[in-house]
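A quick write-up on the structure given underneath.
Here, each number is a calculation from the coordinates, and none is a lab measurement. All of these numbers come straight from a predicted model, not from anything done at the bench. Positions of Cβ are generated from backbone atoms using ideal geometry, with glycine treated the same way; all protein chains shown enter the neighbour counts.
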Amino acid sequence: MDFRYHGERIINFEMETSALYALGALLDHNVLTVCALIANRTTQSFSIDHKPVIKKLVELVLETIL
């Protein structure tokens, strides 16, 4: 599958995020989503232990917003 938007190749669809953005728009809230890459479905490679990646992402986001 080769899907492009404004010349950029889209390699992932995060469906739950679209619901959050729709709710944010309805409620007039600012919304931001951050995601950790823990799988490459194209190459069929997956993180053996994704917990450190998620922990680091959470810490980075909290440090940034605080």
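Sites listed here are trypsin sites (Lys or Arg not before Pro) in region 1-59 whose DSSP assignment is loop and whose Cβ has at most 12 other Cβ atoms within 10 Å: Arg41. Mind checking which of Ile54, Asn12, Thr43 is farthest towards the positive end of the chain's charge dipole, using Cβ charges of +1 (Lys, Arg) and -1 (Asp, Glu) about the Cα centre? Sorting the options by dipole projection puts first Thr43.
Available extension along the chain between Leu37 and Asp49 is 3.1 nm, counting 0.36 nm per residue and deducting the alpha carbon span.
Which entry is the computed P(r) over Cα pairs in 5 Å bins from 0, in percent for this structure: [x] 3, 13, 15, 18, 23, 17, 9, 2; [y] 3, 17, 26, 23, 16, 8, 4, 2, 0; [z] 4, 20, 30, 25, 13, 6, 2? Given [x] 3, 13, 15, 18, 23, 17, 9, 2; [y] 3, 17, 26, 23, 16, 8, 4, 2, 0; [z] 4, 20, 30, 25, 13, 6, 2, the calculated one carries the label [x].
Evaluated with a Cβ-only charge set (Lys, Arg +1; Asp, Glu -1), the chain carries a dipole of roughly 220 debye about its Cα centre, given to the nearest 20. Grab the beta carbon distance between Glu14 and Glu63, set R0 = 35 Å, and tell me the FRET efficiency rounded to 0.05. Using R0 = 35 Å, I get an efficiency of 0.95.
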